[in-house]
Amino acid sequence: MTRFDHIIVGAGSAGCVLANRLSADPARRVLLIEAGPRDSSPFIHMPAGLAQLVNNRRLNWNYSTEPQANLEGRRLWWPRGRVLGGSSSLNAMCYVRGQREDYDGWVAEGATGWDWDEVLPWFRHAEDQVRGEDAWHGTGGPLSVSDLKHRNPLSQVFLDAAKAVGHPLNPDFNGVTQQGAGWYQVTQRDGRRASTAVAYLRPARGRPNLAVMTCALATRLVVDHGQVTGVEILQGGRPRVVEAPAVTLAGGAINSPQLLLLSGIGPAAELEALGIKVVLDLPGVGTNLHDHVDYCVLVKCTQPLTYDFGKLEELRVGLRYLFTRDGPGSSNIAEAGAFLCTAAAKGGRPDVQLHFVPAQLDDHGRNRLPGHGYTVHVCGLQPKSRGRITLASTDPTAAPRIQPNYLADPIDATVLINGIRMVREILAAKPFDPYRGAEVFPGPDAHSPGALLAAIRAKAETVYHPVGTCRMGRDMDAVVDPRLRVHGIEGLSVVDASVMPVIPSGNTNAPTIMIAERAAEFLGA
Ligand SMILES: Cc1cc2nc3c(=O)[nH]c(=O)nc-3n(C[C@H](O)[C@H](O)[C@H](O)COP(=O)(O)OP(=O)(O)OC[C@H]3O[C@@H](n4cnc5c(N)ncnc54)[C@H](O)[C@@H]3O)c2cc1C
């Protein structure tokens, strides 16, 4: 078949949700196009397998940013899923929605109808909460939200230490309040990863009206007199065109703007400079890129309790998991965390998030350190710095330029410095006494604001939440309207993390799934 009623580009967190919801109507012929392969690697489905996925070139776009002026000119590594399930197939599974104020703030940015009271029912609609239903949580939805089956004892020590220094314990980061320290709930079902490929696409795969193309790269949109009519794709080295009167881009915050730009939809001057024929001058495409920049405080552990396993232990963990779906293999590694207010926090809203990792995490786990240790990620939740995605070339197989402009606004560094201090206070508390070894990062000599800033410049990394590059709104720079239709092109919509006007205060998978659930209704599902 080459003609469909609806084409979805990208089978990631959002794309798989849409594929399920739109194909529920047997009369609608839906095509889902994914650049990566099927999700057959067992390391995707065993939660702790995420450590094995970091260096996988086949399932990962492996992007790098432009040199970061405020981070010693470093290019930062940006992993993104390139496989069925997209980044939900290789993320850390923390289930976090953000704060009421985030969504109320979207409305202030022109995203009418996306305030907290409007979006909460869609979070609940997606959800199958193991703890049961309540005012915040839903049951019976496709996305399983679970408590971890296995918890490392050091994660409990982290919570005891947080409590010891006065932070409240919070049993549910998505409940009454986000503030406090607690266990993350995870997108897992019975100890297996619940990617959107598993939760949404698998149940729909048997439908005769849903076609799924893998290893197929969308290279350009076909637009005729302001109406999208199809998508050019490259599969097995061969170009072809698939047609539909409705196309939704769900390629994520890097690839969706890239495909618009390749198709001549974006800032006219920028497109003309590259020799691309301008289909629509839409200045906001690729702008408003922002992300959570993150620093890892790393301390050696004096007892062999962590997940810094040797090869033999890894094998044992794998075998135990194979037979029981339990043990460290079922852990997402970032088991516990906290949402805290630093001195810079406004209106009582937590402004930093912590992920406690009972293992040594350096360079995203790509640099394995000897011995045992524990790491606390700290990121600022409401970054002010903004960057953009631009084309590096007109070749659709080439990576675009990613310029997040980390720490361009000095407040982002101040929040991180405050956050590192709060992490150190927790790690210095009594419950860690039996385990505490030497601090590796920032290191015992880094205490003054200047030294901490230098440490951040040398080591800060992404915590994988880029958003905002096809922002929804009503102004001249908005790319989609609040119903996620691309301004000025009939039949074209964008549904993924790129449409968020402002990053939510937390991890971005659940908000992306919520957006897709909501969009499916807009698209007539
Ligand atoms: C390592 C990592 C850890 C993370 N941890 C967490 C976490 O613990 N909790 C959390 O909430 N969030 C986490 N996130 C973030 C979260 O997973 C993402 O925000 C979310 O998955 C984004 O969804 P999306 O639909 O916008 O894009 P994606 O899920 O990235 O999907 C985009 C899909 O489109 C495909 N695609 C792109 N371009 C094309 C094209 N031209 N043609 C065909 N297909 C294309 C891609 O291959 C991909 O499959 C993490 C992300 C990463 C990378």
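General observations
- Largest to smallest principal axis extent of the C-alpha atoms in region 17-60, angstrom: 41, 20, 13
- Phi-based couplings in Hz for region 210-225 (Karplus 6.51, -1.76, 1.60; Gly and Pro marked x): 10, 10, 10, 9, 9, 6, 10, 9, 6, 10, 6, 8, 9, 10, 10, 6
- For Asn367 and Ala268, a Förster radius of 56 Å and the Cβ-Cβ distance give a FRET efficiency of 0.80, rounded to the nearest 0.05.
- Semi-axes of the equivalent ellipsoid for region 108-162, Cα gyration tensor, largest first, Å: 30, 18, 9
- Dmax and Rg, reported as Rg then Dmax, of region 311-448 (C-alpha, Å): 19.1, 57
- The aspartates and glutamates within cross-link reach of Lys149, meaning a Cα-to-Cα straight distance under 16 Å and a gap of 8 or more places when in the same chain, are Asp190, Asp326, Glu335.
- In terms of surrounding Cβ atoms within a 10 Å radius of their Cβ, Phe4, Phe43 rank from fewest to most as Phe43, Phe4.
- Near Ile276: Cβ cut-off under 11 Å, other residues only, Lys/Arg at +1 and Asp/Glu at -1. The net charge is 0.
- Taking the inverse of the mean reciprocal distance over all distinct Cα pairs, the Kirkwood hydrodynamic radius of region 266-325 comes to 17.3 Å.
- 37 °C / 0.692 mPa s Stokes-Einstein diffusion coefficient of region 69-181, Kirkwood radius on C-alpha pairs, µm²/s: 191
- Computed from phi, the 3J(HN,Hα) profile of region 32-48 under the Karplus parametrisation 6.51, -1.76, 1.60 (θ = phi - 60°) reads 10, 10, 10, 5, x, x, 5, 8, 8, 5, x, 5, 5, 8, 7, x, 5 Hz, with x in place of Gly and Pro.
- Measuring max minus min along each principal axis, the C-alpha atoms of the chain give extents of 69, 50, 44 Å (largest first).
- The trypsin sites (Lys or Arg not before Pro) found in region 274-377 that occupy coil by DSSP, while having at most 13 further C-beta atoms within 10 Å, are Lys277, Lys346, Arg366, Arg368.
- A Cα-only calculation for region 138-249 places Rg and Dmax at 22.4, 65 Å.
- Under a model in which nothing but the beta-carbon of Lys, Arg (+1) and Asp, Glu (-1) is charged, the chain shows a dipole of about 1380 debye around its Cα centre.
- Dmax and Rg, reported as Rg then Dmax, of region 413-525 (C-alpha, Å): 21.0, 63
- The ranking of Glu127, Glu101 by Cβ neighbour count inside 10 Å, starting from the fewest, reads Glu101, Glu127.
- Selection from Leu319, Ala338, Ala359 lying farthest towards where the dipole of region 284-372 points positive, charges on Cβ: Leu319
- Nearest 10 degrees, 0 to 90: helix 410-427 Cα axis against the chain principal axis: 40
- All distinct Cα pairs of region 283-365 go into the 1/r average, and the inverse of that average, the Kirkwood radius, is 16.2 Å.
- Report summary: the helix-based calculation at 222 nm, which adds -39500 (n - 2.57) for every DSSP H run with n ≥ 4 and divides by the residues of the chain, gives -7000 deg cm²/dmol.
- Between 0 and 90 degrees, the angle of helix 311-324 with respect to the longest Cα principal axis of the chain falls at about 70 degrees.
- Over all other residues within a Cβ to Cβ distance under 13 Å of Arg75, the charged ones net out to -2, with Lys and Arg as +1 and Asp and Glu as -1.
- Under 28 Å from Lys384, Cα to Cα: lysines that are on another chain or at least 8 residues apart: Lys346, Lys459
- Hydrodynamic radius (Kirkwood) for region 1-125, which is based on Cα pairs only, to one decimal in Å: 17.4
- Under the simplified labelling scheme, the Gln303-Val176 pair shows an inter-label distance of 3.2 nm, with each label point 7 Å from Cα along Cα→Cβ.
- Each DSSP beta bridge with both residues in the chain is either parallel or antiparallel, and the antiparallel ones are about 70%.
- Dipole of region 2-143 [Lys/Arg +1, Asp/Glu -1 at C-beta], most positive-end residue of Val83, Gln68, Gly98: Val83
- Residues Ser263, Ser88, ranked from the fewest to the most other C-beta atoms within 10 Å, line up as Ser263, Ser88.
- What the Cβ-Cβ distance of Asp147 and Phe323 gives, at R0 = 25 Å and to the nearest 0.05, is a FRET efficiency of 0.75.
- Dipole moment magnitude, nearest 20 debye, region 250-402 about Cα centre, only Lys, Arg, Asp, Glu C-beta charged: 200
- Remark: spin-label model distance Asp409-Ala451 equals 3.0 nm, labels positioned 7 Å along the Cα→Cβ axis.
- As a calculated quantity, the FRET efficiency between Lys346 and Asp117 at R0 = 30 Å, using C-beta atoms, amounts to about 0.90.
- Candidate lysines - alpha carbon under 22 Å from Lys163, same-chain residues fewer than 8 apart omitted: Lys300, Lys430
- Under the combined filter of DSSP loop state and at most 16 neighbouring Cβ atoms within 10 Å, region 65-121 retains none of its chymotrypsin sites (Phe, Trp or Tyr not before Pro).
Computed from the coordinates by the stated procedures, all read-outs in this text should not be read as laboratory data. Since this is a predicted model, take the numbers as computed values, not measurements. Counting neighbours? That spans all protein chains shown, and the Cβs are built from the backbone with ideal geometry, glycine included.
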